[in-house]
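See below for the structure under consideration.
The values are calculated or read from the model by the stated rules, or taken from the named source; none is laboratory data. All of these numbers come straight from a predicted model, not from anything done at the bench. Glycine also receives a Cβ, built like all others from the backbone with ideal geometry; neighbour counts cover every protein chain displayed.
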């Protein structure tokens, strides 16, 4: 039988059952046979019944996060390889809906540096000032689902956007134990501690850290989309750093214009 060791309720049940055994052992070894012993035995019985109750109703995680974290990995790596073969070396740039006449939020991957408004409506953009590829960001399905299920409204104030990103990461998606968002001039840094999908990040960075900045995973892409739509600015993923020693990720976004 597979023990759901990741389930905190199951762990609590085991602790309560172990505590009941300890209390019974204390009552037997002391052999006082007084009201204190009776209180200890009653406490042991309560711990035992509560533990059994928790163990019966608890169950393992519905999805193994080790598997879930790897679902989008190869797709990101493959697309990054294709872009590299085409000579595209720029960082992921999110263009919000309404910017430059865009009818939806898009991701533009420039050949080198972002040089301003790309030619919208074309997948392969080629112009003297700006060249690259234009496609729907990987975080778009998540954003649409959250907007529909949670009645998401993205505020225009950067302070409120920071709180919203924290809420999405911790309470809505539950992908991290803690999310901290810091703003420094035109840079916004999102730090996810206890990131539950860290295995996917490790696989991508093992291939190349470039994959994270060119083709970000759906979570980082989602945060970039929220920033872009809220501020109305073009947002570029400047850096994404994985810290496997404490399962944390730092994503630095640049508000371009």
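Observations
- Checked against the criterion of being out of contact with any strand residue (DSSP E or B) (no Cβ under 8 Å at 6 or more places or on another chain) and modelled with pLDDT of 95 or more, the candidates 227, 222 yield just one match: 222.
- Flag: residue 128 does not match the condition of being at pLDDT below 95, over 20 Å from the mean Cα position of the chain (by Cα) and surrounded by 14 or more Cβ atoms within 10 Å (Cβ to Cβ).
- Criterion applied to 142, 71, 120 was being touching a strand residue (DSSP E or B) at 6+ places or on another chain (Cβ under 9 Å) and either within 30 Å of residue 181 (Cα to Cα) or part of a loop (DSSP other than H, G, I, E, B) (or both), and the one residue passing it is 120.
- Candidates 204, 154, 146, filtered to the one that is closer than 23 Å to residue 257 by Cβ, in contact with a helix residue (DSSP H, G or I) (Cβ under 7 Å, 6 or more places away or on another chain) and touching a residue at least 12 places away in the same chain (Cβ under 8 Å): 154
- Residue match in region 236-243 (condition: assigned by TED's automatic domain parsing to the domain that holds residue 78, in contact (Cβ under 8 Å) with a residue 40 or more places away in the chain and not in a strand (DSSP E or B)): no
- Residue selected from region 4-53 under the condition within 41 Å of the chain's Cα centre (by Cα) and not in a helix (DSSP H, G or I), by the criterion surrounded by the fewest Cβ atoms within 10 Å (Cβ to Cβ): 5
- Where residue 224 falls short, out of the listed (1) within 24 Å of residue 67 (Cα to Cα); (2) out of contact with any helix residue (DSSP H, G or I) (no Cβ under 8 Å at 6 or more places or on another chain): (1)
- Wholly enclosed helices (runs of 4 or more DSSP H) of region 154-233 bearing at least 2 residues crowded, with 24+ Cβ neighbours inside 10 Å: 198-207, 210-214, 218-231
- So residue 249, is it under 11 Å from the mean Cα position of the chain (by Cα) and in a strand (DSSP E or B): yes
- Residues located in region 93-117, provided they are in a loop (DSSP other than H, G, I, E, B) and in contact with a helix residue (DSSP H, G or I) (Cβ under 6 Å, 6 or more places away or on another chain): 96, 105, 117
- Test for residue 213: is it touching a strand residue (DSSP E or B) at 6+ places or on another chain (Cβ under 9 Å) and at pLDDT 95 or above: no
- Test: residue 137 is in a loop (DSSP other than H, G, I, E, B) and surrounded by 13 or more Cβ atoms within 10 Å (Cβ to Cβ): yes
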